[in-house]
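Peer 1: Here it is, the structure in full.
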Protein chains: 2
Amino acid sequence: MTTEEQSTPENNILNAAKEIFQKKGMAAARMQEIADEAGINKAMLHYYYRSKELLFEAVFKSAFSMLAPQLNEIMNADTTIFEKIRNFSSNYISFVLKHPYLPNFIIQELNRNPEFVKNLIAEKNFPNISKFKLQVNEKVAEGIIRPITAEQLFINIMSLNIFPFIGAPLLKGFLNFDDEAYKKLMEKRKTEVSDFIINAVKI
Amino acid sequence: MTTEEQSTPENNILNAAKEIFQKKGMAAARMQEIADEAGINKAMLHYYYRSKELLFEAVFKSAFSMLAPQLNEIMNADTTIFEKIRNFSSNYISFVLKHPYLPNFIIQELNRNPEFVKNLIAEKNFPNISKFKLQVNEKVAEGIIRPITAEQLFINIMSLNIFPFIGAPLLKGFLNFDDEAYKKLMEKRKTEVSDFIINAVKI
DNA sequence: ACATTTGTCAACCATTTGGTTAAACTAAAT
DNA sequence: ATTTAGTTTAACCAAATGGTTGACAAATGT
């Protein structure tokens, strides 16, 4: 049994809400539009999820929980740093190519309401960087990688993997690439990003 | 004479609108709030800028025109690639530390309305990558930098400089940093980012 | 001095929007 | 058959919102 999704009204609504919220953001999304997408009456939204705010929270947490495991992987897996970087880059890019609105949705709403992060941290499975930090410091001490703090390296890994999706409209414009060409570029990044990072830190 | 800003009603409104639009985004921003911020009657907004949509466009173009010159610099300056990367990283991070809402605002609204990019491309001063491309290809051919396409390198430079600001709330959460500590991290990135990139490409 | 344009405002308006209600429907339990 | 609990809907509501109007003041030109 895999993580198959039951077809309950709650799930039906949640999926419709995901679609709309992720495309338009909290403020621009309309309850009526979500109801239409779900093929139900608007009152049902309030019956199952009391308010727009609560429905949004459910969507947000569900979206975030799809990303958290991948971040935990890079933090806590029992592999070398280089393997972690390779795995994360490849897996993350594959994942986002399937869910293109997700990263922007998360980032956008966290910027709108930064206190929301505290909420997420309280959840179990919130990624913890401490193990990754030890590992980086160790490898720096051993002279295997150039001196760099774990924080900066972590930010760099996240930046190189996430930004190309969030900034896609802008980057497509600069590069004069259409959707097709840009997607090919992203495919290549599955390996190029990790090569880039590893070249940057390897001595 | 520098680019001093005249205190016309138009400018007054535009600045107030920038403040509100950048903090909340188009959909969540309220015309009344912009009027309050500008210290004028709501009807004045419509007198000077016919509609919310047009006021937003004015704000967006003004915001984008603050970033474009810096991008042109990395594309077209008469310096070596390494100097360009160093200059851009340092200048861009300094700039954004002063205007923290700007990058997220641009990215967020371009994602909301991707066709907007076509509008921007038509403007003069829209950054053009062709010169940078030639330069990268040349240096790769000369064996000075590792084989990489100009597009991928460009995306990497943009990602490493821009994402740490857009993703700040999330990254602060992961790293468990407060605003103060995070800002210090960004200060350090003025040089660390370019070192990282140069290490990644230099042979 | 007078007329005309330009700027400013409080009050108003039509529409949209999140949310509620009361009644109707369904299906299982008694 | 009747009760009961859960589900669904159309109609409704109050508040918020972008936008307008008409009266009035302040410049501006003649």
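The values are calculated or read from the model by the stated rules, or taken from the named source; none is laboratory data. Model, not experiment: these values are computed from the prediction. Cβ sites come from the backbone with ideal geometry, for glycine too, and all protein chains shown count toward neighbours.
Peer 1: Is there a residue in the range A:85-97 that is touching a residue at least 60 places away in the same chain (Cβ under 8 Å) and exposed (fewer than 15 other Cβ atoms within 10 Å of the Cβ)?
Peer 2: Going through the range A:85-97, the residues touching a residue at least 60 places away in the same chain (Cβ under 8 Å) turn out to be A:85-86, A:88-90, A:92-94, A:96-97.
Now drop any that are not exposed (fewer than 15 other Cβ atoms within 10 Å of the Cβ), which leaves A:94, A:97.
Yes: one or more hits.
Peer 1: Yes or no: the range B:6-17 includes at least one residue that is away from DNA strand D (no atom under 11 Å from the Cβ), within 20 Å of the chain's Cα centre (by Cα) and in contact (Cβ under 8 Å) with a residue 40 or more places away in the chain. Talk me through it step by step, then tell me what you get.
Peer 2: Looking only at the range B:6-17, we keep the residues that are away from DNA strand D (no atom under 11 Å from the Cβ), and these are B:6-17.
After this cut, where a residue has to be within 20 Å of the chain's Cα centre (by Cα) as well, the list is B:14-17.
Filter once more, so that each one left must be in contact (Cβ under 8 Å) with a residue 40 or more places away in the chain: B:14, B:17.
Among the residues of the range B:6-17, at least one is away from DNA strand D (no atom under 11 Å from the Cβ), within 20 Å of the chain's Cα centre (by Cα) and in contact (Cβ under 8 Å) with a residue 40 or more places away in the chain, which makes the answer yes.
Peer 1: How many residues does the range A:26-40 contain that are of a type in the set (A, V, I, L, M, F, W, C), in a loop (DSSP other than H, G, I, E, B) and within 13 Å of DNA strand D (Cβ to nearest atom)? Give the steps one after another, and end with the answer.
Peer 2: Going through the range A:26-40, the residues of a type in the set (A, V, I, L, M, F, W, C) turn out to be A:26-29, A:31, A:34-35, A:38, A:40.
Pick out the ones that are also in a loop (DSSP other than H, G, I, E, B) and you get A:29, A:40.
Now narrow it down to the ones that are within 13 Å of DNA strand D (Cβ to nearest atom): A:40.
Result for the range A:26-40: 1.
Peer 1: For the range B:188-202, state whether one or more residues are more than 8 Å from every other protein chain (Cβ to nearest Cβ), assigned to a helix (DSSP H, G or I) and of a type in the set (D, E, K, R).
Peer 2: yes
Peer 1: Next question, about the same structure. With B:180, B:142, B:123, B:138 as the choices, which residue is surrounded by fewer than 20 Cβ atoms within 10 Å (Cβ to Cβ) and in contact (Cβ under 8 Å) with a residue 24 or more places away in the chain?
Peer 2: Numbers: B:180 fails: in contact (Cβ under 8 Å) with a residue 24 or more places away in the chain; B:142 fails: in contact (Cβ under 8 Å) with a residue 24 or more places away in the chain; B:138 fails: in contact (Cβ under 8 Å) with a residue 24 or more places away in the chain.
When all the criteria are applied, what remains is B:123.
This table checks each residue for (1) out of contact with any Phe, Trp or Tyr (no Cβ under 8 Å at 6 or more places or on another chain); (2) more than 8 Å from chain B (Cβ to nearest Cβ).
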residue: A:130; (1), (2): yes, yes
residue: A:142; (1), (2): yes, yes
residue: A:157; (1), (2): no, yes
residue: A:160; (1), (2): no, no
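Peer 1: Residues in the range B:1-25 that are assigned to a helix (DSSP H, G or I) and more than 13 Å from DNA strand C (Cβ to nearest atom): how many? Before you say what the answer is, go through the steps one by one.
Peer 2: First, pick out the residues of the range B:1-25 that are assigned to a helix (DSSP H, G or I): B:9-25.
Retained after the next criterion (residues that are more than 13 Å from DNA strand C (Cβ to nearest atom)): B:14-15, B:17-25.
Final tally of qualifying residues: 11.
Peer 1: Could you say whether any residue in the range B:41-52 is at pLDDT 95 or above, surrounded by 15 or more Cβ atoms within 10 Å (Cβ to Cβ), of a type in the set (A, V, I, L, M, F, W, C) and outside any helix (DSSP H, G or I)?
Peer 2: No; the residues of the range B:41-52 include none that is at pLDDT 95 or above, surrounded by 15 or more Cβ atoms within 10 Å (Cβ to Cβ), of a type in the set (A, V, I, L, M, F, W, C) and outside any helix (DSSP H, G or I).
Peer 1: Can I ask one more? With the structure loaded, tell me whether residue B:91 is not assigned by TED's automatic domain parsing to the domain that holds residue B:131 and not small (Gly, Ala, Ser) or whether it fails that test. Can you show your working first?
Peer 2: Values: not assigned by TED's automatic domain parsing to the domain that holds residue B:131: no; not small (Gly, Ala, Ser): yes.
Criteria not met by residue B:91.
Peer 1: On to the next question. Based on this model, can you work out whether residue A:162 counts as touching a residue at least 24 places away in the same chain (Cβ under 8 Å) and either crowded, with 16+ Cβ neighbours inside 10 Å or in a helix (DSSP H, G or I) (or both)?
Peer 2: Numbers: touching a residue at least 24 places away in the same chain (Cβ under 8 Å): yes; either crowded, with 16+ Cβ neighbours inside 10 Å or in a helix (DSSP H, G or I) (or both): yes.
So residue A:162 fits the description; yes.
Condition check ((1) within 14 Å of another protein chain (Cβ to nearest Cβ); (2) touching a helix residue (DSSP H, G or I) at 6+ places or on another chain (Cβ under 7 Å); (3) within 16 Å of DNA strand C (Cβ to nearest atom); (4) aliphatic (A, V, I, L, M)) across all residues:
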| position | (1), (2), (3), (4) |
| --- | --- |
| B:35 | no, yes, yes, yes |
| B:50 | no, no, yes, no |
| B:60 | yes, yes, no, no |
| B:65 | no, no, no, no |
| B:70 | yes, yes, no, no |
| B:92 | yes, yes, no, no |
| B:98 | no, no, no, no |
| B:101 | yes, yes, no, no |
